[in-house]
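Asker: Before we start, here is the structure in question, set down as structure tokens.
Where a number appears in this text, it was derived from the coordinates with a stated rule and is not lab data. Small disclaimer: the values here were computed from a predicted structure and weren't measured. Every residue, glycine as well, gets a Cβ built from its backbone with ideal geometry; the counts of neighbours run over all protein chains shown.
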Amino acid sequence: MRLDIKRILNVPGTKLDLDFCIAQEVLDEVRSVTFASPVHVAGTVENHAGLVTLGMQITFSLAVTCDRCLKETVQDFSYEETHTIVRRLESEDEAEGYIIARSDCIDPEETALTDLLLELPSKMLCREDCKGLCPVCGCDRNETDCGHVI
């Protein structure tokens, strides 16, 4: 999804609202997670006195397996992301946090997908206080007290 933002880059005070879902074929290429809902992105590209920003609210659900008790569950996620858009940087080493608008275009879909993958927790839990499985008998300690002391 290429978005031409030349007018916004050139005219302070301009704004473009965004509201889209990331294409399902793009989500299907992500092998590390299973999306249980469309990934919805709402936001704006704005020029505030020459500072151009992309602000996004990214919401979606994932089908996950709890890393402690192995239960399947669906979890909702919502992230707010903000990036500064520039036409170029002195050095590519400075690129973190910036979006470079080559040919006055950006790809908000790619940026949103990258942002959400970077924000995901490293451990997926069915709930914060999940007790997991007993290492002795394998029972789900959320549902039963097997009496084994660990």
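Asker: Distance between the C-alpha centers of the stretch 81-148 and the stretch 10-39? Whole Å please.
Answerer: Rounded to whole Å, the Cα centres lie 15 Å apart.
Asker: Can you tell me the 0 to 90 degree angle between the C-alpha axis of helix 108-119 and the longest principal axis of the chain, rounded to 10?
Answerer: Long axis of 108-119 versus the principal axis of the chain: about 30 degrees.
Asker: In whole Å and largest first, what semi-axes does the C-alpha gyration tensor of the stretch 3-119 yield when each eigenvalue is scaled by 5 and square-rooted?
Answerer: Value: 31, 15, 12 Å, ordered largest first.
Asker: Can you give the charge dipole size of the chain about its Cα centre, rounded to the nearest 20 debye, using +1 on the beta carbon of Lys and Arg and -1 on the beta carbon of Asp and Glu?
Answerer: With Lys and Arg at +1 and Asp and Glu at -1, about 60 debye.
Asker: Give me the extension gain from His148 to Glu90: residue separation times 0.36 nm, minus the current Cα-Cα distance, reported in nm with one decimal.
Answerer: Result for the pair: 14.8 nm of gain on full extension.
Asker: Quick check: pseudo-label points 7 Å beyond the Cα along Cα→Cβ at Thr82 and Met124, how many nm apart are they?
Answerer: The answer from the label model is 3.1 nm.
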